[in-house]
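*Asks:* Got a structure for you, written out below as structure tokens; questions coming shortly.
The values are calculated or read from the model by the stated rules, or taken from the named source; none is laboratory data. Quick caveat, the model's predicted, so the values are computed rather than measured. So basically every Cβ, Gly included, is an ideal-geometry build from the backbone, and we count neighbours across all protein chains shown. Note: areas computed on protein heavy atoms with side chains; ligands, DNA, RNA excluded. Shrake-Rupley method; radii C 1.70, N 1.55, O 1.52, S 1.80 Å.
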Amino acid sequence: MIEITEPFNPLMQLYRQEAGVTAQQFRRKALTQPLETLWAMYKDQLNIDHKAIDAALQQELNSIRLFPETIEVLTKLRPSYTLYLISNLATPYIKPYQELKLDRFFEQAIFSCEVGFVKPEQAIFDLIP
């Protein structure tokens, strides 16, 4: 549906500072908790430049674009199918979804950062009625 045309992976800068955690463990943490919770975890670490991470995050968010065919495909599918969106998504990435008005195509959007589960965990799929 969308692409990040200028990927910086800014949240992974936080991962690089956390000892004893695998990338997969950190990814799950970043995708299932509000950004404010992550910031709170790292606020006292002096070697993290929060302003730089936030600037890179904003630049990445501003680079999000729809693939050219997204609206056309969703418009064709919506009348014939009940559509649900399940996404492994960190909190800041919900805003572009809303700004691009993609919510109008889906019966429900389920974001990992809001429900505490990630794909492919069965629990996130069980949230679809």
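*Asks:* Test Gln25 against the criterion of being modelled with pLDDT under 85, farther than 20 Å from Lys95 by Cα and polar (S, T, N, Q), and give yes or no.
*Replies:* no
*Asks:* Within segment 51-102, how many residues turn out to be open to solvent by 70 Å² or more (accessible area, probe 1.4 Å), among the polar types (S, T, N, Q) and over 17 Å from Ala30 (Cβ atoms)?
*Replies:* 6
*Asks:* Another question, if that's okay. Taking segment 1-45 only, how many residues are among the polar types (S, T, N, Q), surrounded by fewer than 17 Cβ atoms within 10 Å (Cβ to Cβ) and touching a residue at least 60 places away in the same chain (Cβ under 8 Å)? Before you say what the answer is, go through the steps one by one.
*Replies:* Step one: filter segment 1-45 for residues among the polar types (S, T, N, Q), giving 5, 9, 13, 17, 22, 24-25, 32-33, 37, 45.
From what's left, surrounded by fewer than 17 Cβ atoms within 10 Å (Cβ to Cβ): 5, 9, 17, 22, 24-25, 37, 45.
From what's left, touching a residue at least 60 places away in the same chain (Cβ under 8 Å): 5.
Qualifying residue count, segment 1-45: 1.
*Asks:* Collect the residues in segment 66-119 that are charged (D, E, K, R), more than 19 Å from the chain's Cα centre (by Cα) and closer than 17 Å to Ile2 by Cα, keeping them in residue-number order.
*Replies:* Selection gives Glu69, Glu72.
*Asks:* Of (1) at positive phi; (2) in contact (Cβ under 8 Å) with a residue 40 or more places away in the chain, Tyr84 satisfies all except one. Which?
*Replies:* (1)
*Asks:* Show the residue pairs that are 6+ apart or on different chains and have beta-carbon atoms under 7 Å apart, the first residue being within segment 106-129 and over 18 Å from Gln25 (Cα atoms) and of a type in the set (D, E, K, R), the second being modelled with pLDDT of 95 or more and open to solvent by 80 Å² or more (accessible area, probe 1.4 Å).
*Replies:* Pairs found: Glu107/Thr82.
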